[in-house]
Amino acid sequence: MKPCIVWQTDFGLKWGAVAAMRGVCKQVDPTLECVDITHEIEQYNILAASREIMYVEPFWPKGTVFVSVVDPGVGTDRRACAAKLKDGNYIVTPDNGTLTHLFYQVGIDEIREIDESVNRYPGTEDVSVFHGRDIFAYTAARLAAGVIDFNGVGPAYPIEEIVLFRQDMIKAQVDGTTIKGIVSSVSDPFGSIALNILSSDFKAAGCRHGDHLHVTLSDQGTVYFDQDVLYEKSFGYVDVGEPILFDSSTNYIELGINQGNFRDTFRVKAGSDHTFVIVK
């Protein structure tokens, strides 16, 4: 059985871009299965792409080929690449920071720059604005179908040259009883917000279920949330309408409201300007 192609983009589904990518895959091999993560990543938000792929990748079997296309530098000299992960999966993507979470949390065994003279959909050589279709989908399909092996992607280059976000963008800083970081995601459909600290690191910092922790949220230094919050396993440990810190399904700490929407209530956004401080 051939591996699935599992992909995400910031293209949306209101036009034909994703269907065109699927069509390229089916032309390479009609038996290939294409599965969506999402096509609603915030446009141009590479950090969100890095985070989103990390949420999904560990739950797919060895050999899966992931494709992530959030590519504001499309058509420039940024590298188009495929990476072999330490758990045996692959990802085909622009090397623009998208690999950051996978690099730190899964590990990368090898990375190769896509040889466009071989791995480019024929007839698109004059197109520079749709590498998702012409290069990434085509290369991923050829890899998943066994038309090429990983060596056939193109020349290897040093792992040290992979473009990465600063580590403090993806990993909160723990200093004694204080944890500082950023809001990494506000995409939860129930309105909880994800903080950039793993549950395991939260516990290693001494935080335990049942603790009341002081949480401060700021937007470019302006505080808009500042109160004690219970840390527990799930929403039902607080009254309806009350905030709670909990271990999310993605193994990060999230902040939500029992039967409410934390993101919309406090108009929370994600990114380096949107920070949190938790004091034990």
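The values are calculated or read from the model by the stated rules, or taken from the named source; none is laboratory data. Here the structure is a predicted model, which is why all the values come from computation and not from measurement. Neighbour counts are summed over all protein chains in view; Cβ atoms, including those assigned to glycine, are modelled from backbone coordinates with ideal geometry. For the accessible areas, the whole protein counts, side chains as well, though only heavy atoms, and no ligand, DNA or RNA atoms are used. Shrake-Rupley method; radii C 1.70, N 1.55, O 1.52, S 1.80 Å.
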Odd one out for Tyr121 among (1) part of a loop (DSSP other than H, G, I, E, B); (2) open to solvent by 10 Å² or more (accessible area, probe 1.4 Å); (3) without any contact (Cβ under 8 Å) to a residue 40 or more places away in the chain: (3)
Unmet criterion (only one of (1) open to solvent by 10 Å² or more (accessible area, probe 1.4 Å); (2) touching a Ser or Thr at 6+ places or on another chain (Cβ under 6 Å)) for Thr100: (1)
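Going through region 205-229 one residue at a time, which ones are under 24 Å from the mean Cα position of the chain (by Cα) and hydrophobic (A, V, I, L, M, F, W, C)?
Quick first cut of region 205-229, residues under 24 Å from the mean Cα position of the chain (by Cα) only: 217-220.
If the condition is that a residue be under 24 Å from the mean Cα position of the chain (by Cα) and hydrophobic (A, V, I, L, M, F, W, C), then Leu217 is the only one that fits.
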Selected residue (criterion: most open to solvent (accessible area, probe 1.4 Å)) from residues of region 27-64 that are closer than 14 Å to Trp7 by Cβ and charged (D, E, K, R): Glu40
Within region 66-96, tally of residues that are surrounded by 21 or more Cβ atoms within 10 Å (Cβ to Cβ), in a loop (DSSP other than H, G, I, E, B) and in contact (Cβ under 8 Å) with a residue 40 or more places away in the chain: 4
Any pair with Cβ under 6 angstrom, 6 or more apart, that starts in region 226-247 at a residue that is more than 23 Å from Leu198 (Cβ to Cβ) and ends at one that is open to solvent by 20 Å² or more (accessible area, probe 1.4 Å) and at pLDDT 95 or above: Asp226/Thr216; Val240/Gln259; Gly241/Gly260
Test: residue in region 2-10 that is surrounded by fewer than 16 Cβ atoms within 10 Å (Cβ to Cβ), of a type outside the set (Lys, Arg) and out of contact with any His (no Cβ under 9 Å at 6 or more places or on another chain): no
Region 4-27 residues that are assigned to a loop (DSSP other than H, G, I, E, B), paired with ones that are of a type outside the set (D, E, K, R) and open to solvent by 30 Å² or more (accessible area, probe 1.4 Å) (beta carbon under 6 Å, 6 or more apart): Cys4/Val35; Asp10/Gln43
Residue check for Ser234: among the polar types (S, T, N, Q) and modelled with pLDDT of 95 or more: yes
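Matching residues to (1) assigned to a helix (DSSP H, G or I); (2) more than 22 Å from Gly63 (Cα to Cα); (3) out of contact with any strand residue (DSSP E or B) (no Cβ under 9 Å at 6 or more places or on another chain); (4) open to solvent by less than 30 Å² (accessible area, probe 1.4 Å):
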residue	(1), (2), (3), (4)
Asp109	no, no, no, no
Gly132	yes, no, no, yes
Ile148	no, no, yes, yes
Leu164	no, yes, yes, no
Met169	yes, yes, no, yes
Gly191	no, yes, no, yes
Ala194	no, yes, no, yes
